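This report refers to the structure that appears directly beneath it.
Every number here is computed from the coordinates shown, using simple stated rules; none is lab data. Given the structure is predicted, the values throughout are model-derived calculations rather than measurements. In this analysis, Cβ positions are derived from the backbone assuming ideal geometry, glycine residues included, and neighbour counts consider all displayed protein chains.
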There are 2 protein chains.
Amino acid sequence: MHKGKAYLECLPRERTGELWQSRLIAAGYFSSLPVETLLIGQALGRVTAGCTYAKQSVPHYNGSAMDGIAVRAQDSFGAAETNPVRLTLLKNNEPFVPGSCYIVDTGDLMPAGTNSVIMIEDVHIDGNSAEIIAAATPWQHVRIIGEDIVANEMVLPEHQLVTPPDIAALLAAGLETIDVVAKPKVTVIPTGTELVARSQDLKPGAILDVNSHMLCAAVSTWGGEPVRHEIVPDNYEQIKQAVAKSLETSDMVITNAGTSAGTEDFTSRILSELGEVLVHGVAIKPGKPVVLALCNGKPVIGLPGYPVSAMLTAELFVRDVLYQRQRLPKPQLQEVPAVLARQLYSHVGVEEFVRVSVASIQGKTVAAPLSRGAGIISSLIKAQGVISVGENSPGLAAGAEVKVKLFSQQQLNTLLAVGSHDLALDILGVFLKRQTNMLLTAANVGSMGGIMAIKNGEAHIAGIHLLDDKTGEYNISFVNKYLANINWQLVRLARRDQGLMVLPGNPKNIKGLSDLIREDIAYVNRQRGSGTRMLLDYLLPKQGVACSTIDGYEKEVSTHMAVAATITAGAADTGMGIRAAAMALGLEFIPISHECYDIILNFPPGDLMADMIVSILKSPEFRQEVERLGGYDLSEAGTILAINKELGE
Amino acid sequence: MHKGKAYLECLPRERTGELWQSRLIAAGYFSSLPVETLLIGQALGRVTAGCTYAKQSVPHYNGSAMDGIAVRAQDSFGAAETNPVRLTLLKNNEPFVPGSCYIVDTGDLMPAGTNSVIMIEDVHIDGNSAEIIAAATPWQHVRIIGEDIVANEMVLPEHQLVTPPDIAALLAAGLETIDVVAKPKVTVIPTGTELVARSQDLKPGAILDVNSHMLCAAVSTWGGEPVRHEIVPDNYEQIKQAVAKSLETSDMVITNAGTSAGTEDFTSRILSELGEVLVHGVAIKPGKPVVLALCNGKPVIGLPGYPVSAMLTAELFVRDVLYQRQRLPKPQLQEVPAVLARQLYSHVGVEEFVRVSVASIQGKTVAAPLSRGAGIISSLIKAQGVISVGENSPGLAAGAEVKVKLFSQQQLNTLLAVGSHDLALDILGVFLKRQTNMLLTAANVGSMGGIMAIKNGEAHIAGIHLLDDKTGEYNISFVNKYLANINWQLVRLARRDQGLMVLPGNPKNIKGLSDLIREDIAYVNRQRGSGTRMLLDYLLPKQGVACSTIDGYEKEVSTHMAVAATITAGAADTGMGIRAAAMALGLEFIPISHECYDIILNFPPGDLMADMIVSILKSPEFRQEVERLGGYDLSEAGTILAINKELGE
């Protein structure tokens, strides 16, 4: 039967981190570091290897700090408005005699014999003499040698990032080169027979190797020098050889399986042969099958194959090691309290890391969990932060107070759009970013999900298209019914076409909903609560079609585009959605209905952002861009259809 | 007389910024940007030029999300522990028939005919058949095409920094290249006849060009591509030509004067000829003479010559323009409230920017102003933040609440040592950084200044060496007298030699303090309140020497090393200080006295940091390192001499 994975143990994350660090310390991995000598001008952002001492003083001579005349202070004593003192003006090459002075500019060497500068504004120069009307104190307006940096003084301590002013200081102190910690060289080895390097070679069942590029980029970000190994197939000897060879030239080796962690999982066995496996399996999700090993005193890390797992485990077990190896403090992610937007189930016994969108909604910081699939790359790029659900917790309730670790120190600049998906929302996002630098993040949960998100204070915007079969009107009755206590505005975005998408040429000759019961037709559906699904479920009985007779009725996807993609790939023959999605993927479109797609805006009265959105919707540039997608009528875009009557305008 | 500078006007900083931005916008500087096409793997940290759309869906096929068997869900209906269902196991190349199944690994293509995966753990495989004991729901454990990213969907919006996960998403979406905003090319032209490029060529009156390297590094940090022009002497035509030529190939030109802003200040005139000078003179300190001009629709900025002025004005008028040109949000420095450690006078009519050390002392965040000289590079490298004193403010009182803009988002990790300077403090700093990652920042204000800083809660540590001429004891009576209400500990650092430093060979044949009255001897003194000065003033009368008879008695510098440097440069014949300073600069040393250099520790009782410092002082490694400097006896280092009796132990 199936060859079970030989997890040595499944350690908690914190104990794993401690074990990992202490074993690396014991192996001497952090103690003596390779050093590189660079010209000062090339050392920006590098880490000083040792303390740096000044070779010369700054300033390196006593100089004038002003434009003026250099005098011997004693000669000026007694000068006053009523008793001007006249000094003889000497040329630079004439030797000083008491009662004389020299013209000096800022930075000029103080002529021998002088010890004070009088500002030019306070001097009356007349031919060969200068008249002053105030006494100078000794050493006034003189920059004294070493007043900034003294020769042999420490300029920069060891293990510090070199900044632009540091470069100025090092150069000024007479240094030409500086020793910096060599960047740790990290080889990333993508492994997997199913991996291909180029998307042209992609066939079903094959996986494009994207992780190695992502991990190399992460290593760069963390100060390392990444080396991307070519793809190694799932062959025991080949992987072993690749690791052994990489160890000769690298400070760290990362192997990264394909998504298959199945029967070809050699990593742990290979690393046991090449060195010692310290950990195989950590009680975290995603990322559980991570392998941490020490080979030749160097860390070798087997990261799991799914992109989200690979990135998380790299953050946990690669990043801090690289920082420590460079003698830099661990990066501290800023932690903010937030309210959890949706319930989160979690397994007891594993610590779960969930990426979240973070936004400030009506004064409340909200964390909205993103898709938790370990393979969902888009959850990595949409996330502003991550929360951890402890290993003893069965999950968190909606509204629970959570701590979010933010990936960026920037202000929270996310607008959350939760609800029905429409391509026009992406375009609204582009226009908003141009004008306000806010990022629109969309979670596609269908129209009813959008209304619930607004009700729970978890969304700024919700796109909805809900037909009230009693009134024949779209949207307004639902908003009035569910959102009594919210400061909503309902704003028209578009009228648009709904219909069936089919392959070009309509090979199955589908004419309408009544064809869906045909045995040779596979359907792809939208999820419950989506406006499209509700429209379908409203229309089917009118056509005398029972949903149970439709093949694929239970296959649910959550966007128009996903419906179109499923048909394009031949995994279904038809599905309902908007014309724009069909056009985007080159499908044919059989119109079934018109509908109104509106957005609910959840902002306090008078909020600028709501006005900004309305003005974008009304702009000809936005309307043209959306109508170009096909099947849209934006002539009413930006019309405020209703404002919550309960709360007044 | 002196040729006055023709400041067009002296605008407030905020109005200058608005004018600068609006004129750059009007000139179209931000509207159309050069674009560069890069391989995805090279785009890390670059800014997307446009929106990026997926070329293929991710996943690009329906695949198994588990290791298991692929089945048609309908065939599993009815399966239960009491009613196992047996399916025929097919090979991959055999066509599907109802009631059959295939073995699949995670990531494998779903075989035609199947629509569901049952986990291998729930299957009993026996020869050519698989037995299941639970029904599968359609599409369970199947990764549906496009569930992550759908073809033609937007992957990244325009004007966004590319992160490691973005690289994975772009590659997965079938892209190979991406258009990014070309880095703005910024030419930095150092100007000044007094400038030299190499420290070997440095003579008195000459200035090493360090600013151009600092500014180029700053441009890199801000995302630009710096080009360092060679030094151009103060020649009208040459500077004009250099600017004109640089404008042809650059997006921005920066000229940077030598420190001399005197009679050779051509920048403004040249820029008027090449384009339009918008601003000449801003009501800020430092940095007032900045010139902002538009030539050929490009910004040309004349930055003042002093390093601190150059850096500040670059931060104000270069950084944000570069970010905006790259379509990035302005970087926001984190602002924290703090208590001002010392009184700050300021001129009404100019906004003054003062760099500060920031530290948390006994629970209070303290901002300690650093040297405000526009030429003091070390103030740039020591600063953790900057405060602004408004143009209508005559200054701020000690203890005033100020807002500090922090340069780094790192935790406050500074230990402030304020007081008498000793080279051993630098070494203590190195040891502390190794063990705790805290940075020791020293402000040299003399022993009495250190006691006052502890009293006012402005220092963690104060080094003192104060002789009580009544008791003949060092330090303890002063601490008891002034620090009644503080949790201090007084800890021995070293016994050390004090004496007169002289040039090698002692050319003036100085034997002791009584020689200081000789006419041919120039003295360099320490500032009032320093232990060395107090020692001198205590010893002189005993030798029958009146201080008024000493040439140079009024020339004060604030560290031992500055005394040594002044003598090395021939600007004085002798001065009093510690043996280590003399040895560091190769001077001879005439011993005059022994003294005790102790440190006051200002930490709450039981604070770990105080214990850490004591244990470092006691360690042989630290003692050896300090004693190597010469003139030190560290046999008592780390001995706790006293703890404040008033507050108890």
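If you count, for every residue in A:421-431, the Cβ atoms of partner chains within 10 Å of its Cβ, what is the mean?
On the way: counts 1, 0, 3, 0, 1, 5, 2, 0, 3, 6, 0.
Taking the mean over all residues of the peptide, I get 2.
Given B:Lys288/B:Lys405; B:Lys183/B:Lys240; A:Lys455/B:Lys403; A:Lys330/B:Lys330, which pairs have Cα atoms separated by over 29 Å?
Working: B:Lys288/B:Lys405 21 Å; B:Lys183/B:Lys240 25 Å; A:Lys455/B:Lys403 39 Å; A:Lys330/B:Lys330 25 Å.
Beyond 29 Å: A:Lys455/B:Lys403.
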A:Lys542: which lysines have alpha carbons under 29 Å from its alpha carbon, excluding same-chain residues fewer than 8 sequence positions away?
-> A:Lys470, A:Lys481, A:Lys508, A:Lys511, A:Lys555
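Determine the sum of side-chain charges near B:Ala79: Lys and Arg each +1, Asp and Glu each -1, restricted to other residues whose C-beta is under 14 angstrom from that of B:Ala79. Before the final figure, lay out each step's value.
Working: positive: B:Arg72, B:Arg86; negative: B:Asp75, B:Glu81, B:Asp122, B:Glu131.
Taking every Cβ under 14 Å from that of B:Ala79, the sum is -2.
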Ordering of A:47-60, B:573-586, B:28-41, B:393-406 by packing [mean C-beta count within 10 Å, highest first] = B:573-586, A:47-60, B:393-406, B:28-41
Can you give the convex hull volume per residue for the Cα atoms of the range B:282-347, as a whole number of Å³?
-> 116 Å³
Working note, the range B:335-408: Cα radius of gyration (Å, one decimal) and Dmax (Å, whole number) are 11.6, 36
What are the nm distances, shortest first, from A:His347 to its equivalents in the other copies, labels at 7 Å along Cα→Cβ?
-> 6.9
Near the amide H of B:Thr365, under 5 Å away, which other amide H atoms are found, from residues 5 or more places off or on another chain, if H is placed in the peptide plane?
-> B:Val339
For the rotation that superimposes chain B on chain A, which residue of B has the C-beta lying nearest to the axis, and at what distance in Å?
-> B:Gln409, 2
Which residues qualify? For A:Trp488, with a placed amide H closer than 5 Å and at least 5 residues away or on another chain, they are A:Asn644
Rounded Å value of the spacing that divides the Cα centres of the range A:76-129 and the range B:71-144 | 101 Å
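For chain B, what relative contact order do you get, as a whole percent, if you take Cα pairs closer than 8 Å and at least 6 residues apart?
Values: 1466 pairs, mean separation 66.6, N = 649.
Answer for chain B is 10 percent.
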Ratio of the range A:86-189's C-alpha Rg to 2.2 N^0.38 Å, to two decimals?
-> 1.76
Determine which aspartates and glutamates satisfy two conditions relative to B:Lys298: a Cα distance under 17 Å, and not lying fewer than 8 residues away in the same chain.
-> B:Glu18, B:Glu225, B:Glu248, B:Asp251, B:Glu273, B:Glu276, B:Asp320
Within the range B:111-209, report the trypsin sites (Lys or Arg not before Pro) that DSSP leaves as loop and that have at most 11 other Cβ atoms within 10 Å.
-> B:Arg198
Along Cα-to-Cβ, 7 Å out, sits the label point; list in nm, shortest first, how far the one on B:Gln362 is from those in the other copies.
-> 4.7
Grab the Cα-Cα distance for A:Val227 and A:Ser514, subtract it from 0.36 nm times how many residues apart they are, and report the gain in nm with one decimal.
-> 97.5 nm
Quick one: if you take sqrt(5λ) for each eigenvalue of the C-alpha gyration tensor of the range A:184-340, what semi-axes come out, biggest first, whole angstrom?
-> 24, 20, 16
Run through every distinct alpha carbon pair of the protein assembly as shown and return the Kirkwood hydrodynamic radius in angstroms, one decimal place.
-> 35.4 Å
Let me have the relative contact order for the range B:329-441, percent, based on Cα pairs under 8 Å that are six or more residues apart.
-> 32 percent
For the range B:63-143 (alpha-carbon point model, no solvent) the Debye-based log₁₀ I(q)/I(0) at q = 0.13, 0.24 Å⁻¹ works out to -0.30, -1.13
For B:Lys245, label point 7 Å along C-beta direction: distances to other copies, nm | 4.9
Non-local amide H neighbours of A:Leu195 (under 5 Å, H modeled in plane, Pro and chain starts lacking H): which ones?
-> A:Ile207
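Here are some pairs, A:Lys433/A:Lys618; A:Lys245/B:Lys55; B:Lys245/B:Lys285; which of them have Cα atoms lying more than 25 Å apart in this structure? Let's see the in-between values first.
Numbers: A:Lys433/A:Lys618 17 Å; A:Lys245/B:Lys55 36 Å; B:Lys245/B:Lys285 31 Å.
In this structure, A:Lys245/B:Lys55; B:Lys245/B:Lys285 exceed 25 Å between Cα atoms.
I'm checking a number: the convex hull volume of the Cα atoms of chain B, normalised per residue, in Å³. What is it? Before the final figure, lay out each step's value.
Numbers: hull volume 163.6 nm³, N = 649.
Per residue, the Cα convex hull of chain B comes to 252 Å³.
Average partner chain C-beta neighbours within 10 Å, per residue of A:566-573? Mind dumping the intermediate values first?
Details: counts 7, 1, 6, 9, 4, 9, 3, 0.
Partner Cβ neighbours, averaged per residue: 5.
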Determine ³J(HN,Hα), in whole Hz, for all residues of the range B:494-509 in sequence, where each value follows from phi through the Karplus function 6.51 cos²θ - 1.76 cosθ + 1.60 and θ = phi - 60°; x replaces Gly and Pro.
-> 7, 9, 8, 8, 10, x, 9, 9, 9, 4, x, x, 6, x, 8, 6
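For peptide A:192-199, what's the mean number of Cβ atoms from other chains within 10 Å of each residue's Cβ? If you can, show how the numbers build up before the last one.
Working: counts 1, 0, 4, 1, 0, 1, 3, 9.
The mean count of partner-chain Cβ atoms within 10 Å per residue comes to 2.
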To the nearest Å, what is the center-to-center distance of the range B:572-643 and the range A:321-342, using C-alpha atoms only?
-> 38 Å
Mind jotting down the three principal axis lengths of the range A:413-649 based on Cα atoms? Whole angstrom, largest first.
-> 55, 35, 27
